[in-house]
1. When region 174-195 is examined, which residues are found to be at pLDDT 95 or above and polar (S, T, N, Q)?
2. Inside region 188-208, can you point out the residues that are in contact with a Ser or Thr (Cβ under 9 Å, 6 or more places away or on another chain) and either assigned to a loop (DSSP other than H, G, I, E, B) or farther than 22 Å from A44 by Cβ (or both)?
3. Is it the case that some residue within region 7-19 is in contact with a strand residue (DSSP E or B) (Cβ under 6 Å, 6 or more places away or on another chain), touching a residue at least 24 places away in the same chain (Cβ under 8 Å) and among the small types (G, A, S)?
4. Under the condition of being of a type outside the set (A, V, I, L, M) and in contact with a strand residue (DSSP E or B) (Cβ under 8 Å, 6 or more places away or on another chain), which residue from region 40-65 is surrounded by the fewest Cβ atoms within 10 Å (Cβ to Cβ)?
5. Restricting the search to region 151-182, which residues are crowded, with 19+ Cβ neighbours inside 10 Å and part of a strand (DSSP E or B)?
6. Answer yes or no as to whether D185 is closer than 21 Å to V46 by Cα, part of a loop (DSSP other than H, G, I, E, B) and of a type in the set (D, E, K, R).
7. So, of the residues in region 66-80 that are of a type in the set (A, V, I, L, M, F, W, C) and surrounded by fewer than 23 Cβ atoms within 10 Å (Cβ to Cβ), which turns out to be modelled with the lowest pLDDT?
8. Any idea which of D141, D171 is at pLDDT below 95 and closer than 22 Å to H34 by Cα?
Amino acid sequence: MRIVSGRYKGFQLTVPKSGTRPTTDRAKEGIFSHLESYGQVQDAQVLDLFAGTGALGIEALSRGAIGLVSVESAGQAGSLLRNTFSRLRKLSSWDGDTSARTVQTQAEKFVRSHTHEHGDATSEPHGEATENPENAEPGFDLIFIDPPYVYSSENCEELLQSLVSSTLVNDSTVIVLERSDRTPDPALPANWFATQIKNYGETKVFYIEHAS
């Protein structure tokens, strides 16, 4: 696994022995070509749920995003991701104004902790003590959701509903949801719609935005 383009092009990502389903290079290139054509990556604050190897979030940083929070529940994957961030910061191409941290917890728990009922939670288990870009502006600009294919459409619907009810989004947030093209399309929350749905091999990608 490697970074496809940008300042960290060719950087190798460490893949856990099991438990993750990395996004293919073909899908990554398609996703970022689409996002960059609409100017949605440059200077973005990014949230990567079900981060796994960190491929999507780090690809965004490589292409000009300035902040990243990667959420991963698996112990080995979280440890490898923290090591990956450490290696990134040692590169001569690392931008000192960039912030990146990993939070080792379930995506659903992280989102629920940022609902309006609970307020902004800034202390998460195993989170790195760095800047909190989700607090710099109200909501993230770009949110990746790449759960395992066994994650049901019903679970996706519940997560999306919780997400759009949280302080993690605003009316300009773009949510990128990856699913298997063999699974039913999830129903989207009220006032949110898929501006485009694209297939990259067996991966179906939903680009979800607020109907403002």
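The values are calculated or read from the model by the stated rules, or taken from the named source; none is laboratory data. Keep in mind that this is a model prediction, so the values were computed, not measured. FYI the Cβ positions are ideal-geometry reconstructions off the backbone, even for glycines, and counts take in every protein chain you see. In case anyone asks, the SASA skips ligands and DNA or RNA and just uses the protein heavy atoms, side chains included. Shrake-Rupley method; radii C 1.70, N 1.55, O 1.52, S 1.80 Å.
1. Within region 174-195, N191, T195 qualify.
2. P189, N191, G201, E202, K204
3. no
4. The first filter runs over region 40-65 and keeps only residues of a type outside the set (A, V, I, L, M), leaving 40, 42-43, 45, 48, 50, 52-54, 57, 59, 62-64.
Right, trim to in contact with a strand residue (DSSP E or B) (Cβ under 8 Å, 6 or more places away or on another chain) and you get 40, 45, 48, 50, 54, 57.
On the way: Q40: 20, Q45: 22, D48: 30, F50: 23, G54: 29, G57: 28.
Here the answer is Q40.
5. Within region 151-182, S166, V174, I175, V176, L177, E178, R179 meet the criteria.
6. Numbers: closer than 21 Å to V46 by Cα: no; part of a loop (DSSP other than H, G, I, E, B): yes; of a type in the set (D, E, K, R): yes.
So D185 fails the test.
7. Quick first cut of region 66-80, residues of a type in the set (A, V, I, L, M, F, W, C) only: 66, 68-69, 71, 74, 77, 80.
After this cut, where a residue has to be surrounded by fewer than 23 Cβ atoms within 10 Å (Cβ to Cβ) as well, the list is 66, 74, 80.
Numbers: I66: 96, A74: 90, L80: 93.
Looking at residues that are of a type in the set (A, V, I, L, M, F, W, C) and surrounded by fewer than 23 Cβ atoms within 10 Å (Cβ to Cβ), I get A74.
8. The match here is D171.
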